1. Which of the residues that make up segment 308-326 are within 26 Å of the chain's Cα centre (by Cα), closer than 25 Å to ARG67 by Cβ and assigned to a helix (DSSP H, G or I)?
2. Please go through segment 291-328 and give me each residue that is buried (at least 16 other Cβ atoms within 10 Å of the Cβ), among the hydrophobic types (A, V, I, L, M, F, W, C) and without any contact (Cβ under 8 Å) to a residue 60 or more places away in the chain, ordered by number.
3. I'd like to verify a number: residues in segment 41-92 that are touching an Asp or Glu at 6+ places or on another chain (Cβ under 6 Å) and within 25 Å of LEU197 (Cβ to Cβ), how many?
4. On the basis of being of a type outside the set (Asp, Glu) and closer than 21 Å to LEU36 by Cβ, does ALA142 make the cut?
5. For segment 136-178, which positions are over 26 Å from the mean Cα position of the chain (by Cα), under 26 Å from GLY80 (Cα atoms) and not aliphatic (A, V, I, L, M)?
6. Going through segment 228-245 one residue at a time, which ones are assigned to a helix (DSSP H, G or I) and free of Cβ contacts under 8 Å to residues at least 40 places away in the same chain?
7. Looking only at segment 73-131, which residues are free of Cβ contacts under 8 Å to residues at least 40 places away in the same chain and either in a strand (DSSP E or B) or under 20 Å from the mean Cα position of the chain (by Cα) (or both)?
Amino acid sequence: MGGHHDLASGLPAASSAAGEPAGNDPLSDVLRMVKLTGALFFLVDASSPWGVNVPAASAFAPIILPRARHVISYHIATEGCGWASVPGEPPVRFAAGDVLVFPHGDPYAMLSAPGGPPALGAEESLDFFRAMAAGQLPFVVAEGGGGAERARFVCGFLGCDARPFNPLLATLPRMMHVRSPGGAQGDLLDRLIALTLAEAPMRRPGGECIRLHLSELLFVEVVRRYLEALPPDQTGWLAGLRDPGIGRALTLLHRRSSYAWTLEELATPAGLSRSVLADRFTRLVGHPPMQYLIHWRVQVAARLLADGAAKVAAVGREVGYAAEAAFSGSLKKIAGVAPARWRERSG
């Protein structure tokens, strides 16, 4: 078969199995595969004392985003300050311009003061979500005891897929706290927040689509900020992405996920020896390189199965499996179900 060659690696370039041109950005690859299935946000205008206990996302996701398999909660402080926490971890103070993300669906609390009683408990929060989903509440929701100290924050919820393999979500902590850069002019996140606040209350045609993409953009920018602020000794998929050699290896695996890579072929363009690549990749990413490749192939295949009508064998070949049985075995091992069953559940 013909095709141009990648000058950096000497290997044939390829298009991604998701129909997008393959490039040099594994983060975008992962975000493309994590199909967004809805978004909801509103603005809270809180006066002290205020507070809310939000139950696990599994309790409220069927109410606000019934099509979502997984819900990420995020909060953007626009004025004032407060405290946020997840069970078992100390509370974190947030201030105007900060962003809090709860990527794993944990229950969490947001309070005007640590340890204060919430105005809304878990059951009251579910009632609130029911009213919000039914359109019975305004975009700006007043909350709290009417005191002088005030806080305003956007409450956002983003529905997405988290299975069978989402290396980005897997690497994120239970609560992400991204601080405001402090006075940056023309800051992208500030502009996205301003667009969100301008668009959300208008309820114009096409608004649902715009809200979805604004939520996606907000989440991507927060992840980029989180990546930039990672400490040097951090491990995880994002830390691997930041490492020059491992980042190059991840790019190659994503660019040509159907290729029958060997450790030596991967190590050479990554500028590492085989042993260093294997050790550093496993330590940072959490999987050996070839095991990561299998997981990523399964994720690409799962998206193809969910989105198209191609036969199972054809999907398997597209992601690098010559034999349908081998492909079915990999998907069943990682996703827990056979390809046909995965397609049925995703319909």
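1. Listed by number, the list holds a single entry, VAL315.
2. LEU293, ILE294, LEU305, VAL312, ALA313, VAL315, PHE327
3. Qualifying residue count for the region: 5.
4. When the stated conditions are applied, ALA142 does not pass them.
5. Scanning segment 136-178 gives PRO138, GLU143, GLY144, GLY145, GLY146, GLY147, GLU149, ARG150.
6. The answer is GLU228, ARG242, PRO244, GLY245.
7. Hits for segment 73-131 are TRP83, ARG93.
Quick grid of which residues meet (1) modelled with pLDDT of 95 or more; (2) assigned to a loop (DSSP other than H, G, I, E, B); (3) over 21 Å from the mean Cα position of the chain (by Cα):
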residue	(1), (2), (3)
ALA260	no, yes, yes
LEU272	yes, yes, yes
ARG280	yes, no, yes
GLN291	yes, no, yes
ALA302	no, no, no
ALA306	no, no, no
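The values are calculated or read from the model by the stated rules, or taken from the named source; none is laboratory data. Because the structure is a prediction, the values reported are computed rather than measured. Ideal geometry is used to build each Cβ from the backbone, glycine not excepted, and the neighbour counts take in all protein chains shown.
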